[in-house]
Structure formats: C-alpha cells, structure tokens
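Scroll down for the structure; my scribbles are underneath it.
What follows draws every value from the coordinates through simple rules; no lab data is involved. If you're wondering where the values come from, they're calculated on a predicted model, not measured in any experiment. All Cβ positions, glycine included, derive from the backbone under ideal geometry; neighbour counts span all protein chains shown.
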Amino acid sequence: MRPLPVSHELPPADAGVGVLVGVDGSDGSLWALERALQEAQVHGLPLRVLAAVNPTPSVVTPGLEDVMQDSVDRLLVGMTDVVQRGVAAACANVPGVTVAPTLHVVAGDPITLLLSASARQHTLVLGARGNGGFSRLLVGSVASALLFHALCPVLLVPGPKR
C-alpha cells in the first residue's frame with residue numbers, strides 16, 4: 001500500500017458522516033484502528049484517522065520559538081510515519097478493504113481535537129488505553145473524557161486478553 005496523503009487539519013465539518021478513530025501509536029490505538037476500518041467497511045462509510053500531537057508546553061520562552069516550531073514539526077513527521085504504518089498494517093489485516101482512509105495529523109490537545117472532530121460522525125473508535133504512563137488504569141484519560149463528552153457514539157476497543 002502506498003502512503004496516503006496526510007492533512008494537518010481536522011476533518012472538514014462539512015465532510016459528512018464517517019467513522020473517526022483516534023490514533024496515538026500505542027497498541028490500543030492500533031487495535032482501534034483495525035476495528036474502525038472494519039466498522040467503516042460494514043457501514044459503507046469513510047474512515048477518518050486522527051492523530052493529535054500535543055506539543056507541550058503551551059508557553060514558549062522568548063527567543064526559542066524556532067526551536068519549539070522545529071520540535072512540533074518533528075513530532076508531526078514522526079506521528080505521520082506511525083499513522084501511515086498503522087493504516088498499512090490494519091489494511092493488511094482486514095480482508096477485502098475498499099475504504100480509503102483520510103489521515104489527519106494535527107498539533108493540539110487530543111481530547112479537544114477528538115471532541116471537535118466527533119461532531120456529525122457515525123462513531124468514534126478509541127483504544128481503551130493509549131500512551132499515557134498509568135498502565136494500571138482500566139480506561140485511559142483520553143478515552144475516559146471522550147466516553148462522556150463525545151458528540152457521537154463511542155466504541156472503546158480493549159486490548160487482547162493476556
């Protein structure tokens with residue numbers, strides 16, 4: 001599969017109903033990506049893959065703006081590669097794929113971006129846990145926030161049983 005084009009903006013509000021999946025490169029988000037691909041196939045809907053890169057800190061020391069922008073650019077490039085590989089792997093694992101996902105790698109807070117993008121979607125698909133450092137949590141902070149505040153139904157995908 002050839003790399004798909006990547007947008008650095010949220011899916012357009014007028015793009016119509018689709019299946020939205022949040023990806024952060026964690027195993028959980030990659031399992032969610034595969035399930036989202038299946039959901040899009042079954043319902044005949046477009047798949048929108050959204051990866052949010054949170055470029056902390058929000059305040060930059062004067063004189064370091066270029067360094068900060070370079071760091072954000074590198075994060076976006078790295079996450080783009082992760083998303084491209086994840087989509088290729090998911091497409092290889094789901095037989096008969098006819099859906100061409102749109103990829104969106106955007107700088108900003110994942111909760112805010114996914115919440116905004118969830119408007120007018122058929123389903124938001126998320127992994128139960130992402131790349132956060134609290135592996136003992138049953139549901140990650142992003143998934144937990146979106147379960148209660150998303151503007152569409154949420155499908156939470158657990159990882160395989162150990």
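Observations, loosely collected:
- The slack between residue 88 and residue 69, meaning 0.36 nm per residue of separation minus the straight C-alpha distance, is 4.0 nm.
- Using only Cα coordinates, the Kirkwood hydrodynamic radius of the stretch 6-157 works out to 15.6 Å.
- Nearest-0.05 FRET efficiency for residue 148 and residue 81, computed from C-beta distance (R0 35 Å): 0.65
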